[in-house]
Each structure stands twice: as structure tokens, then as C-alpha cells.
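The values are calculated or read from the model by the stated rules, or taken from the named source; none is laboratory data. This one's a predicted model, so the numbers in the text were calculated from it and none came from an experiment. Reconstructed Cβ throughout: ideal geometry from the backbone, glycine too, with neighbour counts over all protein chains shown. Ligands, DNA and RNA are excluded from the accessible area calculation, which covers all protein heavy atoms including side chains. Shrake-Rupley method; radii C 1.70, N 1.55, O 1.52, S 1.80 Å.
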Amino acid sequence: MPQDIIKNEVDIGDVVFEWTVKEYEQHERNRNWYIFMGIIGVALVAYALISGNYLFALVIVLFGIILFMHDMVKPMNVPIVITETGIVVGKKYYRFSEIKSFWIIYDPPTVKNLYLGLDSFLNHRIQIPLLDNDPRPVRDHLEQFVEEDLEKEEEPLSDRISRLFKL
């Protein structure tokens, strides 16, 4: 378990909550999805070539290749551990002092996520699926150490678009 590896390097305290999630959600995509996305991709590349925007055409082609390759790989299991002193996501440990805020979007059955707001420019938000865990005890524990952002009542637009288009 990652907490054993991390525990040897730094004291993370006792485990309060623990569960395992998939690295990413692997959507079921049927043939129609691939045809639809293929048509959109070809149309965007054609538009880019006609308008002389070759860099945009290259980006669209690379995006298609990456999406296809991503679809061929199974997601790994990532352990989530909430302790007395912080949160372990996979092999990365976040002290409560590193977490700026948290919020929970809970709208079953589609959305059941814990979000961590970080100060980092490149990694400003971490999404953790709650799966079948009750969000109330998780919230009660985190409120003791991190400020809850009560203004965020909906999941981020990027997450909604990703789920809508099965990306």
C-alpha cells in the first residue's frame, strides 16, 4: 500500500478513510461514437488546412491519436487514504497545510466527487471520486483541517464536458 511506502518517509498519522478508485473513468464507447468523433475530427482538420492553420491541424490529429491510444490502456487502481495529517492519492501525499480548500459535489448517481483546491499553478484541483462512500463523515473530518469552499455547488465545466463527450 502507498501509505506504507510514504509512512517510511514521513509520518502521515493514522488512517481515517481509505478506498480505491480507477485512475480515470473508462467510458463505454460504441461504433457511433467513433464515427461521430471521426467526422468532427476530419471536419476540424479540413477547416484548419483550408484556413492555413497547420498547427491546429497537427494538434487535432495528435489529440485523436492520444485519445485512441488512451482507449487501449486499462486504468490502474489508485488508493485514496485520508489520514489525521493529510491525504494520500496514489503515491503522492498532500499535507492539510498544502490544501487551500475542498468541496464535495454529490449528485448521485452521476456525480459523487471530492475536490481538493491546491495553490499549485499546474495542478490547482484534484478530483477524487467518492464512489459509494458517505460524503458526510469525509466532510466532517476535512472541515477540522481545511476550509470548505461552499460557493462551489456544481462540478467544473471541464468535468461535465468530459463526461458528456465521453473523453
_Calculated log₁₀ intensity ratio I(q)/I(0) where the Debye formula runs over C-alpha points of region 118-167, q = 0.18, 0.22 Å⁻¹_ = -0.82, -1.13
_Pick from GLY52, GLY64, GLY38 the residue whose mean-square fluctuation is largest in a GNM of the chain, springs joining Cα atoms under 10 Å._
GLY52
*Would you please give the residues with an amide H less than 5 Å from that of SER101, counting only those at least 5 places away or on a separate chain, with H modeled from the backbone geometry?*
GLY117
*How many Å² of accessible area per residue for region 48-102, probe 1.4 Å?*
63 Å²
*Residues with amide H under 5 Å of LYS22's amide H, sequence separation 5 or more or different chain, H placed in the peptide plane at 1.01 Å from N; which?*
VAL78
*Looking at the chain, do any whole DSSP H helices span at least 24 angstrom along their long axis by alpha carbon and average -1.0 or above on Kyte-Doolittle, and which?*
31-50, 54-71
*Sticking with the crude label model, points 7 Å out along Cα→Cβ, report the distance from LEU164 to LEU62 in nm, one decimal please.*
2.6 nm
*nm² value of the averaged projected area, convex hull over the Cα atoms of the chain*: 12.0 nm²
_Principal axis extents for region 38-111, Cα atoms only, whole Å, descending order, please._
57, 28, 27
*Can you tell me which of 68-80, 86-98 comes out highest on packing, and rank the rest after it, using the mean Cβ neighbours within 10 Å?*
86-98, 68-80
